[in-house]
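Here's the structure, in structure tokens; my notes come after.
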Amino acid sequence: MSEPDEIEERVRADIARVGWHVALVPPDEGTPGWALSIGLVERFDHPELVVFGPDLALLHPLVNHLGAKVRAGARYEAPSEHEGILQGYRVAFRPVDRKWYGPFLGNASWHYGHERFPVLQVFWPDRAGHFPWEPASDPAWRQEQPLLGEAETHRALSERLIAVLRREGAL
């Protein structure tokens, strides 16, 4: 069995078993990593979820936690903010512009065979409680969470991330 077939089988098995699969992209070259759900649209008619940050060991359980809430009937919409998801912090949900599906959501696009599915980006605030789009947000924290709701490249991504995506041919 070829590797893509094994991956496809694992994705489908996870979706059948729990309702979603979590695709993980590790941080690299000073860029953030991310976790992406695949299957929430298919199983629960709910947008897929993507969250960025430096530590996949935190992102993976967050997507699973949100997926379990969706399976139990929760509905997240954008824009919105919610308490009680991360202890002591609000989380925010924002829509993802389709411009970013290719560079960041390829695993879900591959699964669905198109890019016509909704995706919400999940944001967590810095230690002071500011989200990355807020003027008082910690600039280092802003580097960890691109603003994929923005269609303009320089508003959405840090210069560092733009450089990496250009080098990889994704931009």
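Every number in this text was worked out from the coordinates using simple rules, so none of it is lab data. Given the structure is predicted, the values throughout are model-derived calculations rather than measurements. Cβ atoms come from the backbone with ideal geometry, glycine included; neighbour counts cover every protein chain shown.
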What is the Cα centroid distance between the range 114-135 and the range 25-100, reported in whole angstrom? 9 Å
Counting other C-beta atoms within 10 Å, which of H46, H82 has the fewest, and how do the rest follow? H82, H46
Work from the charge dipole of the range 66-171 (Cβ charges, +1 for Lys and Arg, -1 for Asp and Glu, about the Cα centre) and give the residue of A170, A108, A78 farthest towards its positive end. A108
How much of the DSSP bridge set in the range 3-167 is antiparallel, in percent, rounded to the nearest 5? 80 percent
Sort the range 1-81 into rounded, prolate or oblate with this rule: let a ≥ b ≥ c be the square roots of the eigenvalues of the Cα gyration tensor; rounded if a/c is under 1.5, and if a/c is not under 1.5, prolate when a/b is larger than b/c, oblate otherwise. oblate
Which residues' amide hydrogens lie under 5 Å from the amide hydrogen of H46, considering only partners 5 or more residues apart or on another chain, with H built in the peptide plane? V41
Taking θ as phi - 60°, what are the ³J(HN,Hα) couplings along the range 76-92 by the Karplus curve (6.51, -1.76, 1.60), each to the nearest whole Hz, with x for Gly and Pro? 10, 10, 10, x, 7, 10, 9, 9, x, 9, 10, 4, x, 9, 7, 10, 10
Under the classification rounded if a/c is under 1.5, otherwise prolate if a/b is larger than b/c and oblate if not, where does the range 106-171 fall, given a ≥ b ≥ c as square roots of the Cα gyration tensor eigenvalues? oblate
Assign unit charges at the C-beta atoms only (+1 for Lys and Arg, -1 for Asp and Glu), then state the dipole size of the chain relative to its Cα centre in Debye, rounded to the nearest 20. 340 debye
Counting Lys +1, Arg +1, Asp -1, Glu -1, what net charge surrounds V18 among other residues with beta carbon under 10 Å of its beta carbon? +2
Going residue by residue through the range 111-119, the Karplus relation 6.51 cos²θ - 1.76 cosθ + 1.60 with θ = phi - 60° gives ³J(HN,Hα) values, rounded to whole Hz and with x marking Gly or Pro, of 4, 7, x, 6, 10, 9, 10, x, 9
Potential extension, Y89-A170 segment - 0.36 nm per residue separation minus Cα distance: 25.9 nm
To the nearest 20 debye, what charge dipole does the range 74-130 have about its Cα centre, counting +1 at the Cβ of each Lys and Arg and -1 at the Cβ of each Asp and Glu? 120 debye
In deg cm²/dmol, rounded to the nearest 500, the helical mean residue ellipticity at 222 nm of the chain, built from -39500 (n - 2.57) for every DSSP H run of length 4 or more, is -10500 deg cm²/dmol
Pairs of alpha-carbon atoms within less than 8 angstrom and 6+ residues apart define the contacts here; what relative contact order does the range 3-167 have, in percent? 19 percent
What shape does the chain take by its C-alpha gyration tensor, where a ≥ b ≥ c are the square roots of the eigenvalues and a/c under 1.5 counts as rounded, a/b above b/c as prolate, and the rest as oblate? oblate
